[in-house]
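Only one structure is covered here, and it is reproduced in the block below.
The values are calculated or read from the model by the stated rules, or taken from the named source; none is laboratory data. The model shown is predicted, which means the values in this text are computed figures rather than measured ones. Because the Cβ atoms are built from the backbone with ideal geometry, glycine has one as well, and the counts that use them run over all protein chains shown.
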Amino acid sequence: MSHPIEAVMLGAGNRGYYAYGPYALQHPDEIRFIAVVEPHDERRRRFAEAHTIPQERQFRTWEELYAQGHIAQALVNCTLDRMHLDSTLPALELGYDVLLEKPMSNTLAGSVRLVQTAEQHGRLLMICHVLRYTAFFSTLHDVIASGRLGDVITVEHRENVIYWHMAHSFVRGNWRTSLIESPMILAKCCHDMDVLFWNLGPVTRLNSFGSLTHYRPENAPPGALARCTDGCPVADDCPWYAPRLYLQEYTGWPTSVISEDTSLEARRRALETGPYGRCVYHCDNDVVDHQTVNMEFASGATGVLFMHGHSHEEGRTMRYDGARATLRGKFAYGVGDSIEIHDHLTGRMEKIDPARGASGHGGGDEGVMAAFVKALREPGTAPTAAGSTISEAALTTSRESLESHLMAFAAEQARVEGTIVDMDAYRAAAEKVTHGD
Amino acid sequence: MSQPIEAVLVGAGNRGADAYGAYALAHPDEIRFLAVAEPHDVRRARFAQAHAISPERQFRTWEDLLAQGQIANAALVCTLDRLHVAPALAALEAGYDVLLEKPMATTLADCVRLVQAAERTGRLLQICHVLRYTAFFSTLHDIVTSGRLGRVITVEHRENVTYWHMAHSYVRGHWRNSKIESPMIMAKCCHDLDVLYWNLGPCQRLSSVGSLTHYRPENAPPDAPERCTDGCPAAGDCPWYAPRLYLDLVPLMHIARHSPVALERLGAALVLDRPKLADVARRIPSLNAALDYRGWPISVISEDTSPQARWRALETGPYGRCVYHCDNDVVDHQVITMEFESGASGVLVMHGHSHREGRTMRYDGTRATLLGQYYPDEQEIQIYDHLTGQVEIIRPALGPIGATGHGGGDAGLMAAFVRAVHDRSTALTAAGSAVSEAALTTSGSSALTTSRGALESHLMAFAAEEAREDKTVVYMDEFRRRSETTAR
């Protein structure tokens, strides 16, 4: 490879700094960050220092960046969900190829508009559906595509969020209200919808139930105070007592989120004053703590997705029953991952260690960056609607990525309205919404 | 109990004779059958002989039996699903307390009609929701109601039917056609919906998707003939090849292949992989017994279970038909999603493509997560406490008389029914007036339900079927009201 691709990092928070930034440092011949946009001084400085970005290319806002014109080939957008649309549209219009965190946008119209804009300008818009790039899910996909299970008849896919992760992200934290960010089914399960779509094809109809059942004021134990640190009388009996989670020796995620300074004293202060020390029953949260989505696919298969925040362990579990074999899988971020295939004809079970699966690439974050770089370097094969081409290495074009977003928004509509959503009609309507504005 | 209660049996087939008749033989001090109605001569004679029923009390039809008036305390109605209503209604009217196989009836209106009749006559109408009486599900129920899981937030309950059981019952067999018997969600999952109702309370709304996707002519392998016995070219590659199940007992050997006993594993491997050495495997007594197994589902295809008779049955009867060329119309997979009045969400998955038969479930509560496995040969409950991070593993004991039908549930159900009938007849004599069904809750097992309680699972099944066919969300309050009016 001759020259590394030059890129801009937009949003140097948790994902930007930890998930995608390191790839450039490890592969300086492939991609180099030459500019950063981040309003938070410490985070901007930290990223700029790691990537030796000069002062004049460190920006507080994306408006300042875009005022410079098209200064690099690519842009990696790791801003908060609600900023995705406004920060990505000008980039596509200026000529950037964009890698965008999921969800594309926290509104349906925004998501569709991004896809339409990318197609119109012939730009690559790749969405970070990182699960596709993990050894586990690429192995799973290969097994299904191989026909080894026969026709897939019914699928269960569970996204089990452990009780403390639920509290951290969806009760106390950034994703606690759908008014600020996305509905939880989009924020958490966009990936899962994408996996289902990847493996089973398009959905014909779906419905959904779920609500915020537990993390509400009326479920608070008697005497519980507004903050754990106010001397809560039920601290010992409460799984969510904040110091239990945040004041241990370990200071990585999620502890790193509550305070830039991870000293014990600083963390204690963060719990006393910040959002993460609040009683889980006394937050301004409104996102659901459990939701199920029931789907029928065009293939005739049925599928059910569970998402909930009351698990004893974090991770995704799944079961695929096919006409020839039954598959059971567990994806727990490398800890005890497994795929079992139970063949009906032979009665034999094969256990696959996905870490040694066919795909070979490591974690999904690294895989998605590698694919993005590859797509930019080898413009090639898959034609876009606008007639320009992008590489097949971008496993998901933006149009394909959109499908998981449509499914999530449709599920949310089905849940709120108590209806069945016909996906053909829904897709057609979604496309028109943005043409109108 | 001083005197055994006296009972009549309507329908001496598989369930009547094997599940409930056996209980009477084992507990002659509790219940005695003094009459039987069964159209099939061999079955009628066999049951009459086992229970020493005199010839004048052996009847071909339930009409003949019930024409005698009330000659016993209780009537057990174990006819085919579509034949439940008339004998059960007549028995209630005649004054019998009735034990009725699930499903109560094959139409919603008939189910409601039965409940209305029980309430009007003041008779006991107990539906065989046997799972409530198994050690496994009563333990599960106790855990859920103890509050140990906290408040239950989301539940998954799976009824995994193996590919060969699906083919036997729902493609080739009795329950293959919803015009002949019940929709599969009723036939198979009435129990499961009852467990969900028992543990989580009333359902508020539900929806359902599913279809008959696989067992259809267009999925047949090229050149597959109408019958397996017609020299099917795909026989070697077909999991459903009938002689494989009914003559060679291959699925049973698959189970033996995973046996904890090394010798059984070895024997099963010989039978499966080196059929010429099957005789060697037969020297292992337990494996020999397995190879000579003649119970369900083999007993269903032919009264005479000799290999020759079984082959003939496959050549001529329904069980030798190609699974892709049957007159089946029931679904092979269906999913119901539910929202309960408690706010909990629940999902029931039913399908006929499993490698292993059994129910699995997961309950996520605010304090703990429960995983359950209810397989015929392995039953386990795991409770993962959130606060302590500890796991407790519970292996519920088998039922009162061992691992007979439905994990001990048949026996538990009979014991509870007998006690309730006994207590009621005692109370009736004492008070000289009818005792309402509501008295049930104070006598007998906590698992006993009023017929109205048992109706709830049937309402859920019919509502799910309506939701699936009409592609709608069904609101249960409205559905309950509607069903009550339709029945009148």
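At-a-glance table
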{"read-out": "Boolean, residue B:181 is over 30 Å from residue B:367 (Cα atoms) and either within 14 Å of chain A (Cβ to nearest Cβ) or surrounded by fewer than 24 Cβ atoms within 10 Å (Cβ to Cβ) (or both)", "value": "yes"}
{"read-out": "Residue in the range A:325-336 that is within 14 Å of chain B (Cβ to nearest Cβ), under 20 Å from the mean Cα position of the chain (by Cα) and polar (S, T, N, Q) present", "value": "no"}
{"read-out": "Count - residues of the range B:155-178 that are within 13 Å of another protein chain (Cβ to nearest Cβ), outside any helix (DSSP H, G or I) and of a type outside the set (S, T, N, Q)", "value": "6"}
{"read-out": "Of all residues making up the range A:342-352, the number that are in a strand (DSSP E or B) and either more than 9 Å from chain B (Cβ to nearest Cβ) or among the charged types (D, E, K, R) (or both)", "value": "4"}
{"read-out": "One residue from B:200, B:196 being surrounded by 22 or more Cβ atoms within 10 Å (Cβ to Cβ) and either outside the structural domain of residue B:150 (by TED's automatic domain parsing) or touching a residue at least 12 places away in the same chain (Cβ under 8 Å) (or both)", "value": "B:196"}
{"read-out": "Residue that is nearest to residue A:232 (Cα to Cα), among those in the range A:282-318 that are aliphatic (A, V, I, L, M) and more than 10 Å from chain B (Cβ to nearest Cβ)", "value": "A:287"}
{"read-out": "Some residue of the range B:393-400 being surrounded by 15 or more Cβ atoms within 10 Å (Cβ to Cβ), more than 14 Å from chain A (Cβ to nearest Cβ), at pLDDT 80 or above and outside any loop (DSSP other than H, G, I, E, B)", "value": "yes"}
{"read-out": "Tally of residues being in a helix (DSSP H, G or I) and either touching an Asp or Glu at 6+ places or on another chain (Cβ under 6 Å) or over 21 Å from residue B:338 (Cβ atoms) (or both) across the range A:194-243", "value": "17"}
{"read-out": "Single residue of B:100, B:65 found to be over 24 Å from the mean Cα position of the chain (by Cα) and buried (at least 23 other Cβ atoms within 10 Å of the Cβ)", "value": "B:65"}
{"read-out": "Matching residues in the range B:336-391 - criterion: being in a strand (DSSP E or B), at the interface with another protein chain (Cβ under 8 Å from one of its Cβ atoms) and of a type in the set (S, T, N, Q)", "value": "B:337, B:345, B:354, B:369"}
{"read-out": "Whichever residue in the range A:62-82 is in contact with a Leu (Cβ under 9 Å, 6 or more places away or on another chain) and free of Cβ contacts under 8 Å to residues at least 60 places away in the same chain and, among such residues, is nearest to residue A:193 (Cα to Cα)", "value": "A:62"}
{"read-out": "Residue check, residue A:158 among the charged types (D, E, K, R), assigned to a helix (DSSP H, G or I) and touching a His at 6+ places or on another chain (Cβ under 9 Å)", "value": "no"}
{"read-out": "Yes/no for residue B:267 being buried (at least 20 other Cβ atoms within 10 Å of the Cβ), over 30 Å from residue B:327 (Cβ atoms) and not aromatic (Phe, Trp, Tyr)", "value": "yes"}
{"read-out": "Any pair with Cβ under 8 angstrom, 6 or more apart, that starts in the range A:21-34 at a residue that is under 12 Å from residue A:53 (Cα atoms) and at pLDDT 95 or above and ends at one that is part of a helix (DSSP H, G or I) and not aromatic (Phe, Trp, Tyr)", "value": "A:32/A:24; A:33/A:21; A:33/A:24; A:34/A:57"}
{"read-out": "Per-region count, the range B:312-322, residues under 15 Å from residue B:170 (Cα atoms) and part of a helix (DSSP H, G or I)", "value": "3"}
{"read-out": "Residue within the range A:248-268 that is polar (S, T, N, Q), touching a strand residue (DSSP E or B) at 6+ places or on another chain (Cβ under 9 Å) and either within 23 Å of residue B:370 (Cα to Cα) or within 14 Å of chain B (Cβ to nearest Cβ) (or both) present", "value": "no"}
{"read-out": "Helices (runs of 4 or more DSSP H) completely within the range B:270-311 that count 3 or more residues being buried (at least 16 other Cβ atoms within 10 Å of the Cβ), touching a helix residue (DSSP H, G or I) at 6+ places or on another chain (Cβ under 8 Å) and modelled with pLDDT of 90 or more", "value": "B:298-301"}
{"read-out": "Residue check, residue A:52 β-branched (Val, Ile, Thr), in contact with a strand residue (DSSP E or B) (Cβ under 6 Å, 6 or more places away or on another chain), outside the structural domain of residue A:259 (by TED's automatic domain parsing) and not in a strand (DSSP E or B)", "value": "no"}
{"read-out": "Test: residue in the range A:143-155 that is surrounded by fewer than 24 Cβ atoms within 10 Å (Cβ to Cβ), within 11 Å of chain B (Cβ to nearest Cβ) and part of a strand (DSSP E or B)", "value": "no"}
{"read-out": "Members of the range B:323-335 found to be within 12 Å of another protein chain (Cβ to nearest Cβ) and either modelled with pLDDT under 95 or in a loop (DSSP other than H, G, I, E, B) (or both), listed by number", "value": "B:323, B:324, B:331, B:332"}
